[in-house]
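The values are calculated or read from the model by the stated rules, or taken from the named source; none is laboratory data. Note that this is a predicted model, so its numbers are computed, not measured. Here the Cβ positions follow ideal geometry from the backbone for every residue, glycine too, while neighbour counts run over all protein chains shown. Quick note on the areas: whole protein, heavy atoms, side chains included, nothing else; ligands and nucleic acids left out. Shrake-Rupley method; radii C 1.70, N 1.55, O 1.52, S 1.80 Å.
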Amino acid sequence: MQDKLSFQDIFDKGKEILKKSGITCFDTDAWYLLEYATGMGRAEYFLKRGETAQEKIITKYFSLINTRASHMPLQYITGSQEFMGVDFKVSPDVLVPRQDTETLVEYLLPFAKGQDILDMCTGSGCIAVSLLKLGGAASCTAADYSEKALDIARHNARINGVDINFVHSDMFTNITGTYGIIVSNPPYIKTSVIDTLMPEVKEHEPLMALDGGQDGLSFYKIISREAKNYLKPGGILAVETGYDQGRQVLEMFKESGYNDVCARKDLSGNDRIVAAVMP
């Protein structure tokens, strides 16, 4: 590596490496990694961009850049992701929280206050934490089959100052009690489709949290059938769905006897949430 590289030099080189590696948001990701490596915000960078970067900073930055160039998700590199304005720890043991799931939380926030909530397939815990911290839920039980995911979710509950009852469970197997809201963002990708996903997803995010079976609907069938055993009368069942699954899940919930079944769209105009009410 040549001597006396400025902060702008390494930033420009970082962008170039990511662009050549096929990273779509190469400019944004190169910046976030520079910010992570140096601790500088944009204002400080613009003041110091012509200054020579320290060798240890250069080494750290290009190590991060090369990791991102391998299509490791940015959030797994930095170890965090913002969701609903709250910071969450993430790792390859959990899905990276996405804006689509914020749509689900935003739908439930007006109903959450004072409710006992069950978050099925909790992953990072982002839904459970958000509904407690922002929605004023009375209590929350969060379940997942992955012990490693539950460890991440427990950490996220601690750093956000909320008390959640975490349960290791294969769907409803170890669940007890009844709830005013049951919410889930279950695995919903068709098994045959997973190999077509972008490398960041298929090579790095947990398969267990992606694979929804042959038709992508395996977990919705379980939820539709069993959630009624744990919902209070008048309680809400709400799930995130794939962009093309809303109608199928809606019909499934209707056939299972739920009332007021409806689909809600995400910011792209796709069906993203299906919600229903327990008779």
Would you tell me the accessible area of residue 25, worked out with a 1.4 angstrom probe on the heavy atoms of the protein chains, in Å² to the nearest 10?
80
Would you mind telling me which residue in 150, 237, 109 has the biggest mean-square fluctuation in a Gaussian network model of the chain, where springs connect alpha carbons within a distance under 10 angstrom?
109
Can you list residues from other chains, or at least 5 along the same chain, whose modelled amide H is less than 5 Å from the amide H of residue 140?
117, 165
With axes computed from alpha carbons, what is the tilt in degrees of helix 147-159 against the longest principal axis of the chain, rounded to the nearest 10 within 0 to 90?
80
For the chain, the longest principal axis of the Cα atoms and the Cα long axis of helix 246-255 enclose an angle in degrees, to the nearest 10, of 20
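Using the Kirkwood radius over C-alpha pairs as Rh, can you work out the diffusion coefficient of segment 1-136 via Stokes-Einstein at 37 °C, viscosity 0.692 mPa s, in µm² per second? Walk me through the intermediate numbers first.
Details: Rh = 16.8 Å.
Here the translational diffusion coefficient equals 195 µm²/s.
Full extension from residue 203 to residue 215: what is 0.36 nm times the residue separation minus their Cα-Cα distance, to one decimal in nm? Walk me through the numbers before you get to the answer.
On the way: separation 12, 0.36 × 12 = 4.32 nm, distance 2.11 nm.
Net length gain for the segment: 2.2 nm.
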Expressed as a whole-number percentage, the relative contact order of segment 42-137 with C-alpha contacts under 8 angstrom and at least six residues apart is 20
Residue by residue through segment 19-24, which ³J(HN,Hα) values in whole Hz follow from phi under the Karplus form 6.51 cos²θ - 1.76 cosθ + 1.60 (θ = phi - 60°), with glycine and proline marked x?
4, 5, 8, x, 7, 4
Over the C-alpha atoms of segment 171-243, what are the Rg and the largest Cα-to-Cα span, Dmax, in Å?
14.2, 43
How compact is segment 154-277 by the rule of thumb for globular proteins, expressed as Cα Rg over 2.2 N^0.38 Å?
1.13
Which percent of Cα pairs goes in each bin when the distances of segment 215-266 are cut into 10 angstrom slices starting at zero?
23, 61, 16, 0
Take the Cβ-Cβ distance between residue 262 and residue 139 as r, set R0 to 25 Å, and report the resulting FRET efficiency rounded to the nearest 0.05.
0.45
Viscosity 1.002 mPa s, temperature 20 °C, Stokes-Einstein D of segment 1-72 from Kirkwood C-alpha radius, µm²/s:
179
List the aspartates and glutamates whose Cα sits under 12 Å from the Cα of residue 60, skipping any in the same chain fewer than 8 residues away.
35
Taking Cα atoms, the helix 99-112 axis meets the longest principal axis of the chain at an angle in degrees (rounded to 10) of 50
Can you tell me the relative contact order of segment 89-171? Whole percent, Cα pairs under 8 Å, sequence separation 6 or more.
31
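Over all distinct alpha-carbon pairs, what is the Kirkwood Rh of the chain in angstrom?
Hydrodynamic radius (Kirkwood, Cα only) of the chain equals 20.2 Å.
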Restraint check, 133/221; 133/254; 113/232; 89/148; 15/48, Cα-Cα greater than 22 Å:
133/221; 133/254
Top mean-square fluctuation among 193, 105, 183, Gaussian network model of the chain, C-alpha springs under 10 Å?
193
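Can you tell me the FRET efficiency between residue 158 and residue 109 if r is taken as the Cβ-Cβ distance and R0 is 25 Å, rounded to the nearest 0.05?
On the way: r = 22 Å, r/R0 = 0.89.
According to the calculation, E is roughly 0.65.
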Looking at the chain as a GNM with Cα springs under 10 Å, which of 253, 166, 46 has the largest mean-square fluctuation?
46
